[in-house]
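Nothing in this text is a laboratory measurement; each read-out follows from the coordinates by a stated rule. Since the model is a prediction, treat every value here as computed from it, not as a measurement. Neighbour counts are summed over all protein chains in view; Cβ atoms, including those assigned to glycine, are modelled from backbone coordinates with ideal geometry.
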Amino acid sequence: MRHLLSIEDLDRAGIERILDRARSFAEVSEREVKKVPALRGRRVLNLFYEASTRTRSSFELAAKTLSAEVINFSAGGSSVEKGESLKDTVLTLSAYEPDLIVVRTPFVGAAGLVAGWTPAAVVNAGDGKHEHPTQALLDVHTLRERLGALDGRSIWIVGDVLHSRVARSNILAFRALGAEVTVCGPPTLIPRGMEALGCRVEYTLDGLRGADVVYALRLQHERMTESFVPSLREYAARYQIDGRRLGPHQVLMHPGPVNRGVELAAEVIDSPQAVIGQQVAAGVVVRMAVLYELLAGRGAPSGATVVTFPAPQPA
Ligand code: CP
């Protein structure tokens, strides 16, 4: 694999290989010195045109834990504000010879365009409402740690599917690992033709108790150009996951950030069923595994040492 632009770049074996490696990297996070030399001499550019807390910080931590150099770029405060285009920005920053570019933009397909402008490997960290493949990988990792294999598990994805890159990537990843996926939300927030991705569509939560996993999505106000729900109160009445709707044996997930009191009630965010914090933690080891997958097998830059993981430990 040269780039990770979509979950469709991976088959089941590829997903499992990355997640098995992520599991092996978890041990590094428990060390006193959280660092291995696996990507020493490699350079990772974080190119963020859109706000991010989890994805950006975890890619930075992942790269640094693997001993790569990290360059962080945010469009705010850069020459993008003077009108520099995405292409010119990528060409300019390519002068630093990054080995890998992590790119987040509000533009569908932008990560694929970046991959055509640079010799570096490219990871799509979210391109508009298209895809967010590393979110899907970290979610599958979190679920495998909690439930074991996903084959035959029922996963309901509830909320604003229309504007969600997470929904699309997660449906593909959950299906690839054998889960049965249902998407649920108001008709205005479910795109037509979702069944083509291999999932069922429901417009009420009546069957929610049959799910093993409830994956709530954020109402993405920033991507809404019109009113998709009559009111937040009405939306919450019909689709909010609260203590009444969530069963004691169901796993609750959310990609963050959460609109408290809209898609999730406070009592379920802090419940034992919620794995929202585990999802965030998984972001580091899963992104380490993705960086390793894309960089460790490539020809090393001159003077760099690429070692296989696990690296030998000093005595
Ligand atoms: N889930 C997710 O992508 O979060 P951030 O926008 O904070 O990176």
Checklist entry - Label points 7 Å out from Cα along the Cβ direction at residue 26 and residue 95: separation in nm? => result 4.5 nm
Checklist entry - Rounded to the nearest 5, what is the percent of antiparallel bridges among the DSSP beta bridges in the chain? => result 0 percent
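In which sequence would 203, 49 go, from the one with the fewest C-beta neighbours within 10 Å to the one with the most?
Sorted ascending by nearby Cβ count, the order is 203, 49.
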Next on the checklist: What does the net charge come to around residue 177 if you take all other residues with beta carbon closer than 12 Å to its beta carbon, with K and R at +1 and D and E at -1?
Outcome noted: -1
Checklist entry - When the scattering of the chain is computed by the Debye formula from its Cα atoms alone, each counted once and equally, what is log10 I(q)/I(0) at q = 0.07 Å⁻¹? => result -0.28
Item to check | the range 141-264 - Rg (one decimal) and Dmax (whole number), Cα, Å | outcome: 13.6, 41
Checklist entry - Modelled label-to-label distance, residue 79 and residue 35, 7 Å Cα→beta-carbon offset: nm? => result 3.2 nm
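Quick check on the chain: helices-only [θ] at 222 nm, where DSSP H runs of length 4 and up contribute -39,500 (n - 2.57) each and the sum goes over total residues. Nearest 500, please. Let's see the in-between values first.
Numbers: 9 runs with 105 residues, N = 315.
Here the helix-only value at 222 nm equals -10500 deg cm²/dmol.
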Item to check | Sequence of 284, 262 once ranked by neighbouring C-beta atoms within 10 Å, starting from the fewest | outcome: 262, 284
Checklist entry - Can you give the longest stretch of the chain with no exposed loop site, where a site means GluC sites (Glu not before Pro) in a DSSP loop (not H, G, I, E or B) with at most 12 other C-beta atoms within 10 Å? => result 33-225
Checklist entry - Taking H as built 1.01 Å from N, whose amide H comes closer than 5 Å to the amide H of residue 102, not counting residues under 5 places away? => result 45, 46, 47, 123
Next on the checklist: How would 96, 239 line up from fewest to most surrounding beta-carbon atoms within 10 angstrom?
Outcome noted: 96, 239
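Just want to confirm a number: the relative contact order over the chain, from Cα pairs under 8 angstrom separated by 6+ residues, in percent. Show your work: numbers first, answer last.
Working: 571 pairs, mean separation 68.2, N = 315.
For the chain, the relative contact order is 22 percent.
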Item to check | Summed residue charge, Cβ within 12 Å of residue 257's Cβ, Lys/Arg positive, Asp/Glu negative | outcome: +1
Next on the checklist: Below 23 Å, Cα to Cα, which lysines can residue 35 reach? Residues fewer than 8 away in the same chain don't count.
Outcome noted: 64
Checklist entry - Using θ = phi - 60° and the Karplus curve 6.51 cos²θ - 1.76 cosθ + 1.60, what whole-Hz ³J(HN,Hα) does each residue of the range 159-165 get, with Gly and Pro shown as x? => result x, 7, 6, 4, 9, 9, 6
Item to check | Potential extension, residue 88-residue 145 segment - 0.36 nm per residue separation minus Cα distance | outcome: 16.3 nm
Next on the checklist: Loop only by DSSP, 12 or fewer other Cβ within 10 Å of the Cβ. Give me the trypsin sites (Lys or Arg not before Pro) in the range 48-150 that pass, ordered by residue number.
Outcome noted: none
Item to check | Cut-off under 5 Å, modelled amide H: who pairs with residue 180 long-range | outcome: 152, 153, 154, 155
Item to check | Residue-span extension gain [residue 202 to residue 17] - 0.36 nm each, minus C-alpha spacing | outcome: 63.3 nm
Checklist entry - Hey, in the GNM for the chain with a 10 angstrom Cα cutoff, which one of 61, 137, 86 fluctuates hardest? => result 86
Item to check | Residues of type lysines that residue 129 reaches as a straight line, Cα spacing below 21 Å, ignoring anything fewer than 8 places off in the same chain | outcome: 87
